[in-house]
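Below is one structure; the comments refer to it alone.
The values are calculated or read from the model by the stated rules, or taken from the named source; none is laboratory data. All values derive from a computational prediction rather than experimental measurement. Because the Cβ atoms are built from the backbone with ideal geometry, glycine has one as well, and the counts that use them run over all protein chains shown.
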Amino acid sequence: MKEIKKQDLIEGWNDESQSEFWKAYCKKRNKLDFVSRTANQLINEQQQQVAINLLSCIVEDYNQNKDQILSKEKYPSLYKSDILKICIRIAKMFKELDNTDLAETYFEKGEAFYLSKEKIKSLDPKAAWEGYLSWAQFYIDSGNLDLASKTLDKFEKCHSNHGSYGVFMKLHIQLAKLTNDFSESDRIHCERRKWNGLSSYEDIENMDYLNSLEEILNDPIEAAEGIIVYHHVDCEEIYAKDRLALQKLDMLFNSNDEYLISDYQEEFLNSKMIPELGSYLGEVLINSFKGQWIRADKLMKFRVRITDRIINPFFYAYKVAHYGHRLIEDFYNKEATNNV
């Protein structure tokens with residue numbers, strides 16, 4: 001069989017080279033690795049458009065069933081997953097070139113290979129996950145939030161069990177923050193925590209809070225000191241227990257590598273961060289809106305009373321820690337509005 005060389009792939013893509021390529025590929029599936037490596041080399045040589053043309057030809061040949069490459073009897077080892085991965089790659093390359101129309105075109109081509117649950121069964125799951133999640137990220141970045149939401153919904157309906165739920169939930173949080181609507185994101189987080197056997201809010205609320213001496217503590221003012229002690233170096237505003245302090249904490253929790261709340265371990269969040277942050281949020285409410293603590297037998301069962309309203313600051317802390325909620329938009333501004 002004629003050896004497939006880089007020039008065969010780049011120059012012309014005549015019928016002979018195409019035919020030889022597919023015959024070789026279908027006999028030995030890793031021949032597609034050669035095409036991928038060739039594309040990488042072209043990108044390194046600053047020939048990104050040539051690389052896109054190369055990969056696009058493979059997708060179009062597949063769509064047109066050239067040389068009957070879709071025949072299961074003739075070429076049983078031709079996998080749709082490989083074509084899907086190429087579609088995703090081309091779409092990402094067009095995205096980097098700021099060509100959103102062609103990026104969307106290739107994301108849609110990719111979707112055609114696994115639109116239904118039946119098609120998904122024949123795919124490499126990782127490729128399918130990456131396809132939908134990359135597509136959703138593309139729509140979020142493009143500002144098309146409605147299509148981003150629909151794409152995540154398709155992903156959820158077609159993938160009951162998968163290994164990319166972390167990315168899926170992060171995309172839902174991104175979308176929730178942009179739309180100021182956490183309803184879907186909260187539902188997904190709640191379901192996944194239950195399926196994974198993680199502590200519910202009710203479980204955490206019934207835990208005893210232990211201070212640094214491993215003693216049970218039911219004093220929210222003292223518990224709030226934990227937040228102050230740990231963050232005061234990078235957040236001088238924290239002593240004021242006000243809106244500005246929360247604004248700075250929001251920034252630390254979401255963009256400072258040392259304090260990223262998403263990097264904390266589950267046990268630390270439940271036993272320390274949530275009770276301490278909830279206590280601190282309660283102190284902010286009391287300072288800002290003239291509230292007072294209502295005592296209980298467990299720290300996280302304490303509540304804050306503001307006139308005739310009873311507020312649970314620990315539940316807000318739980319959603320900040322586990323659901324990605326924000327301290328300003330989703331806590332302080334909401335309570336400020338309720339107390340105007």
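Things worth noting here:
- Close pairs (7 angstrom Cβ cut-off, 6 or more residues apart or separate chains): not assigned by TED's automatic domain parsing to the domain that holds LYS334 in region 176-188, among the basic types (Lys, Arg) and not in a helix (DSSP H, G or I) anywhere: LYS177/ARG326
- Selection status of MET251, without any contact (Cβ under 8 Å) to a residue 12 or more places away in the chain, surrounded by 13 or more Cβ atoms within 10 Å (Cβ to Cβ) and part of a helix (DSSP H, G or I): yes
- Index of the failed condition, ASN339 passing every other in (1) at pLDDT below 95; (2) buried (at least 21 other Cβ atoms within 10 Å of the Cβ); (3) touching a strand residue (DSSP E or B) at 6+ places or on another chain (Cβ under 9 Å): (2)
- Residue in region 109-123 that is farther than 24 Å from ARG187 by Cβ, in a loop (DSSP other than H, G, I, E, B), at pLDDT 70 or above and not hydroxyl-bearing (Ser, Thr, Tyr) present: no
- Residues of region 174-198 that turn out to be among the small types (Gly, Ala, Ser) and surrounded by 18 or more Cβ atoms within 10 Å (Cβ to Cβ), as a count: 2
- Scanning region 297-340 for residues that are of a type outside the set (A, V, I, L, M), in a helix (DSSP H, G or I) and free of Cβ contacts under 8 Å to residues at least 60 places away in the same chain turns up PRO313, TYR316, ASN333, LYS334, GLU335, THR337, ASN338.
- Condition check for LYS272: in the same structural domain as ALA148 (by TED's automatic domain parsing), in contact (Cβ under 8 Å) with a residue 40 or more places away in the chain, surrounded by 15 or more Cβ atoms within 10 Å (Cβ to Cβ) and within 28 Å of the chain's Cα centre (by Cα): no
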